[in-house]
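Structure first, commentary second.
The values are calculated or read from the model by the stated rules, or taken from the named source; none is laboratory data. Since we're looking at a predicted model, the values are computed, not measured. Cβ sites come from the backbone with ideal geometry, for glycine too, and all protein chains shown count toward neighbours.
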């Protein structure tokens, strides 16, 4: 599962976010959209915002620029609404209420959707993805903030004993943590879900050719302005802003997880993607890129595959319908599923 740094700078776009906005990509997926096209009447309405501590980018293609711009604003509004429910950084969110009170009555459809999907991913991954990993994240954050380096094994083991996705009980619209010391974070799945809800708004307004990205989780809907599939670039995890591979896609979601996003050690052996079963950083992969039918699933699977490693991760994706993966080991060996084609 992923751990995010929480500090005041997350509320403002930094240099990396600015690069994302220019490239319509991210430090994870670095996706460039080739929207040129001579003589086309199609125009792109572009919008950006900071949500869940990361830059959100939208491109909405259509012949009516005003309608496209209105749709983009409506999508961002919906995405902000979902963030207010799912973000653990907000004291008034449903996730914060669940963590402090241990129960949410009449939970929103968004929280219920994400928790149900998280449970399915946890089960197929045999616990390698678990949204109750927050206690372990808290231990790492506490040590790093105080300049103490990585936590000792005893502290990790104590926190890991509180991790169990089965501690979340859903009955109707009520969500309960059956363990008093359980804590939830949706960082490994929430951004993807927010992207999906933004795309949903755009489609309801009649816009199918869209590109919506949030910190490495994206949906490439329809085609680019010149009528081609969207071209996505996968970052080389050891060379900033360098591309490892490119591939074309349409009407598919893409998510990338990588050890380079928040490394705890210069050699990337320790980083923010933690194995809920051990409490330690996933040891084998440098990055995992997953293509799926929706961004929430791609988001969660990219994290899960990072934890499972190249052999088990690839095998899992081969068994799942509508999923493909491009994995890079620590020495940059490429492991990809049979259906993943590069441009």
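If the condition is being in a loop (DSSP other than H, G, I, E, B) and either under 22 Å from residue 125 (Cα atoms) or out of contact with any helix residue (DSSP H, G or I) (no Cβ under 7 Å at 6 or more places or on another chain) (or both), then region 157-173 contributes 161, 162, 163, 164, 172. Looking across region 127-156 at every residue that is out of contact with any helix residue (DSSP H, G or I) (no Cβ under 9 Å at 6 or more places or on another chain) and not in a helix (DSSP H, G or I), the one that is farthest from residue 172 (Cα to Cα) is identified as 147. Given the structure, is residue 231 at pLDDT 95 or above and either part of a helix (DSSP H, G or I) or closer than 30 Å to residue 62 by Cα (or both)? The answer is yes for residue 231. Among the residues of region 322-332, the one identified as touching a helix residue (DSSP H, G or I) at 6+ places or on another chain (Cβ under 8 Å) and assigned to a loop (DSSP other than H, G, I, E, B) is 323.
Determine whether residue 257 is in contact with a helix residue (DSSP H, G or I) (Cβ under 6 Å, 6 or more places away or on another chain), crowded, with 19+ Cβ neighbours inside 10 Å and either without any contact (Cβ under 8 Å) to a residue 24 or more places away in the chain or assigned to a strand (DSSP E or B) (or both). Break it down stepwise before answering.
On the way: in contact with a helix residue (DSSP H, G or I) (Cβ under 6 Å, 6 or more places away or on another chain): yes; crowded, with 19+ Cβ neighbours inside 10 Å: yes; either without any contact (Cβ under 8 Å) to a residue 24 or more places away in the chain or assigned to a strand (DSSP E or B) (or both): yes.
Against the criterion (in contact with a helix residue (DSSP H, G or I) (Cβ under 6 Å, 6 or more places away or on another chain), crowded, with 19+ Cβ neighbours inside 10 Å and either without any contact (Cβ under 8 Å) to a residue 24 or more places away in the chain or assigned to a strand (DSSP E or B) (or both)), residue 257 qualifies.
Specify which of the listed residues (79, 52) is in contact with a helix residue (DSSP H, G or I) (Cβ under 6 Å, 6 or more places away or on another chain), buried (at least 16 other Cβ atoms within 10 Å of the Cβ) and on the phi > 0 side of the Ramachandran plot. Spell out how you get there, then give the answer.
Working: 79 fails: on the phi > 0 side of the Ramachandran plot.
The match here is 52.
Residues in region 174-212 that are more than 18 Å from residue 297 (Cα to Cα), out of contact with any helix residue (DSSP H, G or I) (no Cβ under 6 Å at 6 or more places or on another chain) and part of a helix (DSSP H, G or I): 203, 204. In region 333-342, which residue that is at pLDDT 95 or above and part of a loop (DSSP other than H, G, I, E, B) is farthest from residue 124 (Cα to Cα)? For region 333-342, the residue satisfying everything is 333.
In region 277-321, the qualifying residues are those that are within 17 Å of the chain's Cα centre (by Cα) and part of a loop (DSSP other than H, G, I, E, B), and the one that is surrounded by the fewest Cβ atoms within 10 Å (Cβ to Cβ) is 293. Apart from one condition, residue 187 fits all of (1) within 30 Å of residue 59 (Cα to Cα); (2) at pLDDT below 95; (3) more than 22 Å from the chain's Cα centre (by Cα); the exception is (3).
When residue 305 is tested against (1) in contact with a helix residue (DSSP H, G or I) (Cβ under 7 Å, 6 or more places away or on another chain); (2) within 25 Å of residue 67 (Cα to Cα), exactly one condition is not met: (2).
On the stretch given as region 78-89, residues that are assigned to a helix (DSSP H, G or I) and either closer than 13 Å to residue 111 by Cα or touching a residue at least 40 places away in the same chain (Cβ under 8 Å) (or both) total 8.
With within 21 Å of residue 339 (Cβ to Cβ) and surrounded by 16 or more Cβ atoms within 10 Å (Cβ to Cβ) as the only criterion, which of 234, 273 stands out?
Working: 273 fails: within 21 Å of residue 339 (Cβ to Cβ).
Answer to the check: 234.
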